[in-house]
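Taking it in order: structure first as structure tokens, then the write-up.
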Amino acid sequence: MGVLIDASILIEQERGRLDLAAHMVQREEEDFLVSVITASELLHGVHRAQEAGIRNRRSAWVEAILERFPLLPIDVPTARAHARLSAELAQQGRMIGPNDLWLAAACLAHGLSLVTANEREFDRVAGLDVENWLA
């Protein structure tokens with residue numbers, strides 16, 4: 001089984017509130033991935049920085065993450081899971097954010113667990129294996 005890492009976990013690691021490596025070393029047999037959705041979220045943070053120094057520091061941090069972790073693309077199985085999950089959650093009146101919906105769909109489509117600090121959002125998704133390394 002693999003593990004998809006959410007932006008919230010990466011941000012907690014960058015802020016010094018989480019030792020990502022300590023969690024990963026306990027699960028060396030598993031693959032750790034970052035979604036292209038998460039890559040976009042992190043890059044968005046780079047572009048939002050007003051000061052050049054902050055922007056440069058964020059950019060270097062994001063690029064290091066993108067080099068360290070394999071990127072999980074959006075493929076047809078993910079699109080199918082996204083469409084089904086979106087319809088189900090909308091019908092139940094339990095919709096989650098659009099980026100989180102893509103992450104959940106990717107995990108369901110590829111049999112991945114999701115590591116996030118945003119359990120409340122992802123707990124609405126039946127069958128999704130959610131972990132919070134901050135808890």
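The values are calculated or read from the model by the stated rules, or taken from the named source; none is laboratory data. Note that the structure is predicted; figures quoted are calculated from it, not measured. We place every Cβ from the backbone using ideal geometry, glycine too, and count neighbours over all the protein chains shown. Just the protein is used for accessible areas: all its heavy atoms, side chains included, with ligands, DNA and RNA removed. Shrake-Rupley method; radii C 1.70, N 1.55, O 1.52, S 1.80 Å.
Figures for the structure shown
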{"read-out": "Test: residue in region 87-95 that is among the acidic types (Asp, Glu) and under 19 Å from residue 5 (Cβ atoms)", "value": "no"}
{"read-out": "Residue check, residue 49 farther than 19 Å from residue 112 by Cβ and open to solvent by less than 30 Å² (accessible area, probe 1.4 Å)", "value": "yes"}
{"read-out": "Residues that are open to solvent by less than 30 Å² (accessible area, probe 1.4 Å), part of a helix (DSSP H, G or I) and either on the phi > 0 side of the Ramachandran plot or of a type in the set (A, V, I, L, M) (or both), drawn from region 29-40", "value": "37, 39"}
{"read-out": "Number of the exception - residue 19 against (1) loosely packed, with under 14 Cβ neighbours inside 10 Å; (2) modelled with pLDDT of 95 or more", "value": "(2)"}
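Residues checked against (1) in contact with a helix residue (DSSP H, G or I) (Cβ under 6 Å, 6 or more places away or on another chain); (2) more than 29 Å from residue 75 (Cβ to Cβ):
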residue: 27; (1), (2): no, no
residue: 36; (1), (2): no, no
residue: 42; (1), (2): yes, no
residue: 53; (1), (2): no, yes
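Condition check ((1) surrounded by fewer than 17 Cβ atoms within 10 Å (Cβ to Cβ); (2) under 20 Å from residue 123 (Cβ atoms); (3) not β-branched (Val, Ile, Thr)) across all residues:
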{"residue": "27", "(1), (2), (3)": "yes, no, yes"}
{"residue": "45", "(1), (2), (3)": "no, no, yes"}
{"residue": "55", "(1), (2), (3)": "yes, no, yes"}
{"residue": "62", "(1), (2), (3)": "no, no, no"}
{"residue": "71", "(1), (2), (3)": "yes, no, yes"}
{"residue": "74", "(1), (2), (3)": "yes, no, no"}
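A quick yes/no check of all residues on (1) among the β-branched types (Val, Ile, Thr); (2) over 15 Å from residue 79 (Cβ atoms); (3) surrounded by 16 or more Cβ atoms within 10 Å (Cβ to Cβ):
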| position | (1), (2), (3) |
| --- | --- |
| 94 | no, yes, no |
| 101 | no, no, yes |
| 105 | no, no, yes |
| 108 | no, no, yes |
| 111 | no, yes, no |
| 116 | yes, yes, yes |
| 128 | no, yes, yes |
